[in-house]
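Please read the structure below before turning to the comments.
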Amino acid sequence: MKHDQESLCRSIMSDPPTVLKPTDSVSVALQTMVRERLPALPVVDTDGRYVGMLPRSRLVALAMPRVLSHDTDQQPLARLLRVGFIRDSLADLQERMAAAANDPVSQHLDREVPVLSPDTPLMNALLFLYRQRNVLPVVENGKLLGIVSVWDVLARIGRVK
């Protein structure tokens, strides 16, 4: 099936935001993400080849007690939180984050993020974004070309003719 340019990801993708290297520390990633208010950062090697995505959820998980990062049938999160036995303070969260601060981001990547090509149909990207992804990498021949974000889509669908 042939698609016109306007129905492909290339029509809405934006340049990648700041990118991380696999060797960058969690601390650098956290500072970058907060400073730039990004929900995720792509990670590329020194040749610009896409390695994975570091979402904010992975950084939040580093600060959480381990028991909360494992939602199981035996201990569903909602039940654990209702019980209210976890009384961690901000200092506790900071301590856990500090313990991971020097980890390379390569240890915490989400490698399950769907990867788009510039020629991926726009509706495929929209479905992934709808299903709780905020940022999707656009990769061609292994190289990161750009991203498609919720904001890219909303900015363009808001232009009613």
Region 107-124, residues that are under 11 Å from Val148 (Cβ atoms) and open to solvent by less than 30 Å² (accessible area, probe 1.4 Å): Pro114, Leu116, Pro118, Thr120
Residue check for Leu20: modelled with pLDDT under 95 and open to solvent by less than 70 Å² (accessible area, probe 1.4 Å): no
Given (1) modelled with pLDDT under 90; (2) in a loop (DSSP other than H, G, I, E, B); (3) not aromatic (Phe, Trp, Tyr), number of the condition Arg79 does not satisfy: (2)
Criterion violated by Tyr50 - all others in (1) of a type outside the set (A, V, I, L, M); (2) within 15 Å of Pro104 (Cβ to Cβ); (3) assigned to a strand (DSSP E or B) satisfied: (2)
Qualifying residues in region 22-46 (those that are touching a residue at least 60 places away in the same chain (Cβ under 8 Å) and assigned to a loop (DSSP other than H, G, I, E, B)) - the one nearest to Leu109 (Cα to Cα): Pro22
Qualifying positions in region 36-68 - surrounded by fewer than 19 Cβ atoms within 10 Å (Cβ to Cβ) and closer than 17 Å to Ser149 by Cβ: Glu36, Arg37, Pro39, Arg56, Ser57
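The values are calculated or read from the model by the stated rules, or taken from the named source; none is laboratory data. Being a predicted model, the structure only gives us computed values, none of them experimental. A quick note on method: Cβ atoms are made from the backbone with ideal geometry, for glycine too, and the neighbour counts reach across all protein chains shown. Just the protein is used for accessible areas: all its heavy atoms, side chains included, with ligands, DNA and RNA removed. Shrake-Rupley method; radii C 1.70, N 1.55, O 1.52, S 1.80 Å.
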